[in-house]
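Chemist: First, the structure itself, so that you have it in front of you.
The values are calculated or read from the model by the stated rules, or taken from the named source; none is laboratory data. Quantities reported herein were computed from a predicted structural model and do not represent experimental measurements. Cβ: placed from backbone, ideal geometry, glycine included. Neighbour counts: every protein chain shown.
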Amino acid sequence: MRVNRLAALALASLVGVGALTACSSSSSGNSSGGSDKNATLTYWASNQGTSLDNDKQVLGPELAKFTQQTGIKVNLQVVPWSDLLNNILTATTSGKGPDVLNIGNTWSASLQATGAFVPFDDTVMAKIGGKSQFLGGSLSATGAAGQPPTAVPIYSLAYGLYYNKKYFTEAGISQPPSTWPEFETDAKKLTTAQHSGLSIEGGSVSENIHNVFTLSQQQGGAFFDAAGKPTFDTPQNVAAIRQYLDFIQTDKITNPSNAEYAQGTEALADFAKGKSAMVLWQAASGSLKQLGMNAADIGVAPMPLPDPMPAGGKKVTSMVAGINLAVFKNTKHLDAALEFVKFMTSTPEQKVLNKSYGSLPSVNDAYADPAFTTPAVLTFKTILSTSAAPLPAVASESQFETLIGTAIKNMLADVASGKNVSDSEISSQLKAAQQQIS
């Protein structure tokens, strides 16, 4: 979920004035029923697979199945994460966008504040099968508290520590690390001329902030207070960023080239190809197998925790990750769009799609499938239900992700080039970001 500063500022502007453009379309809310059976929907899908082409290969047969069942055609456009939010914001201002689209679940509250999307109130929920079909944890990351969701979950995810079992055995390590001191010791053993101990997607705004948010939670930190006021420059947040930078700067367990990885796939590809021994990543077993990694070598465990735990520290090992499915208010084919949402979140489709991507189903009934009772899936499901925390559900959340994630990206670039980034520099960057937040 990588966005740029321009996108964040545009979003802040939209939040301030409300949705005065996209939501005023006289074509919104078409519920003509029969005529929608011959509709053509435009669907913006996020890049969930190993490439854009891989997503087309996964989604193409399923969309054809939907057309066969309903007569409704779907124009598929797979959008890279680097472009997705920017494209969405342009669509909310122009009123020209897709009918249905994927959004990062952390954007839900920010996009909800624009008013540009169909609220999934009780009536709309009933049309797609009802609220009770969804996992409670995933449904919690679909918008601001006390308001109807702005989207519904389609792919549920959590972060975990993937590790190469073969490399662990060769290094004499019997089990994955459960604490950060153990992790540092193991990662240094695993850093050789052939592979690094850990790969990261250091050029990715979203990967940076997602990991640092979790590290901040472990330190007892927060980026917003209970009233929604930004609290970026705190000792806990500085410590979290310091830990992340030090993977390259002082621990030297991550190749400095990782600071340039920005496609959302490069760190995972390095791990799959044996160029790194570990990676902190969202559920991706399916992608690892598609990238050619031997399934027997894939291990997964929760992200390590501090030892000792800092005062106020939380045993959080992931943010509540996932992808949501939203409908633009100004669609000319609301009934068809909701029928498509119902199809994509149905139990049969949830099984097919999440098997392909290695993600977690967002509906309860899909877990009866043996494919979702494997040790890896159960590990991620446990993380999501017991040790994952949602990012702040505030209107400025997307701007926060962009500002802090970009600052981390720039600091990683500095340490990769040999510059030492001190705690005072981290604090200065956090202060600057807090001054820009709307």
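Chemist: Within the range 182-202, can you find the residues that are part of a loop (DSSP other than H, G, I, E, B), of a type in the set (A, V, I, L, M, F, W, C) and farther than 16 Å from GLY160 by Cα? So that I can check it myself, show each step before the final result.
Modeler: Pass one, the range 182-202, residues part of a loop (DSSP other than H, G, I, E, B): 191-195, 197-198, 200-202.
Restricting the remaining residues to those that are of a type in the set (A, V, I, L, M, F, W, C) gives 193, 198, 200.
If the condition is that a residue be part of a loop (DSSP other than H, G, I, E, B), of a type in the set (A, V, I, L, M, F, W, C) and farther than 16 Å from GLY160 by Cα, then ALA193 is the only one that fits.
Chemist: Out of all the residues in the range 349-402, which are touching a residue at least 40 places away in the same chain (Cβ under 8 Å), out of contact with any Ser or Thr (no Cβ under 7 Å at 6 or more places or on another chain) and among the small types (Gly, Ala, Ser)?
Modeler: Across the range 349-402, the qualifying residues are SER356, SER385, ALA389, ALA393.
Chemist: Within the range 75-96, can you find the residues that are in contact (Cβ under 8 Å) with a residue 60 or more places away in the chain, surrounded by 21 or more Cβ atoms within 10 Å (Cβ to Cβ) and over 14 Å from the mean Cα position of the chain (by Cα)?
Modeler: LEU89, THR92
Chemist: Looking only at the range 43-82, count every residue that is at pLDDT 90 or above and either in a helix (DSSP H, G or I) or in the same structural domain as LYS409 (by TED's automatic domain parsing) (or both) and tell me the total. Walk me through how you get there before you give the answer.
Modeler: Taking the range 43-82 first, the residues at pLDDT 90 or above are 43-48, 52-80.
Then keep just the ones that are either in a helix (DSSP H, G or I) or in the same structural domain as LYS409 (by TED's automatic domain parsing) (or both); that gives 52-70.
The qualifying residues number 19.
Chemist: What do you reckon, is GLN434 at pLDDT 90 or above, under 23 Å from PHE120 (Cα atoms) and touching a Pro at 6+ places or on another chain (Cβ under 6 Å)?
Modeler: No, not satisfied.
Chemist: If you take the residues of the range 360-371 that are more than 15 Å from GLY137 (Cβ to Cβ) and of a type outside the set (D, E, K, R), which of them is nearest to the chain's Cα centre (by Cα)?
Modeler: So in the range 360-371, the residues more than 15 Å from GLY137 (Cβ to Cβ) come out as 365, 368-371.
After this cut, where a residue has to be of a type outside the set (D, E, K, R) as well, the list is 368, 370-371.
Numbers: ALA368: 25, PRO370: 25, ALA371: 22 Å.
Per the stated criteria, the residue is ALA371.
Chemist: Right, something else. Looking only at the range 176-198, filter to residues that are polar (S, T, N, Q) and in contact (Cβ under 8 Å) with a residue 12 or more places away in the chain; which one of those is farthest from THR317 (Cα to Cα)?
Modeler: Taking the range 176-198 first, the residues polar (S, T, N, Q) are 178-179, 185, 191-192, 194, 196.
From the residues that got through so far, the ones that are in contact (Cβ under 8 Å) with a residue 12 or more places away in the chain too are 178-179, 191, 194, 196.
Numbers: SER178: 10, THR179: 11, THR191: 23, GLN194: 29, SER196: 22 Å.
Out of the qualifying residues, it is GLN194.
Chemist: Would you be able to tell me the number of residues in the range 154-170 that are touching a residue at least 40 places away in the same chain (Cβ under 8 Å) and over 26 Å from the mean Cα position of the chain (by Cα)? Quick ask: steps written out before the conclusion?
Modeler: The initial filter retains those residues of the range 154-170 that are touching a residue at least 40 places away in the same chain (Cβ under 8 Å), namely 154-168.
Among the residues that remain, those that are also over 26 Å from the mean Cα position of the chain (by Cα) are: 166-168.
Adding up the residues that qualify gives 3.
Chemist: Being crowded, with 20+ Cβ neighbours inside 10 Å, in contact with a strand residue (DSSP E or B) (Cβ under 8 Å, 6 or more places away or on another chain) and in a loop (DSSP other than H, G, I, E, B) is the filter here, so list the residues in the range 267-309 that pass it.
Modeler: The answer is ALA277, ALA283, ALA284, PRO302, MET303, PRO304.
Chemist: Give all pairs with beta carbons closer than 6 Å in which a residue from the range 140-153 that is on the phi > 0 side of the Ramachandran plot meets a residue that is surrounded by 24 or more Cβ atoms within 10 Å (Cβ to Cβ) and of a type outside the set (S, T, N, Q); count only pairs at least 6 apart in sequence or on separate chains.
Modeler: Within 6 Å, the pairs are GLY143/ALA109; GLY143/PRO149.
Chemist: Next question, about the same structure. Inspect all residues belonging to the range 325-336 and state whether any of them is small (Gly, Ala, Ser) and in contact (Cβ under 8 Å) with a residue 60 or more places away in the chain.
Modeler: Step one: filter the range 325-336 for residues small (Gly, Ala, Ser), giving 326, 336.
Next, from what is left, pick out any that are in contact (Cβ under 8 Å) with a residue 60 or more places away in the chain: 326, 336.
Yes: the range 325-336 contains one or more residues that are small (Gly, Ala, Ser) and in contact (Cβ under 8 Å) with a residue 60 or more places away in the chain.
Chemist: For the range 414-438, give me the residue count where each residue is surrounded by fewer than 17 Cβ atoms within 10 Å (Cβ to Cβ) and among the aliphatic types (A, V, I, L, M).
Modeler: Going through the range 414-438 one residue at a time, the tally reaches 1.
Chemist: While we're on this one: Can you tell me which residues in the range 194-205 are surrounded by fewer than 24 Cβ atoms within 10 Å (Cβ to Cβ) and either of a type in the set (A, V, I, L, M) or touching a Ser or Thr at 6+ places or on another chain (Cβ under 8 Å) (or both)?
Modeler: Scanning the range 194-205 gives a single hit, HIS195.
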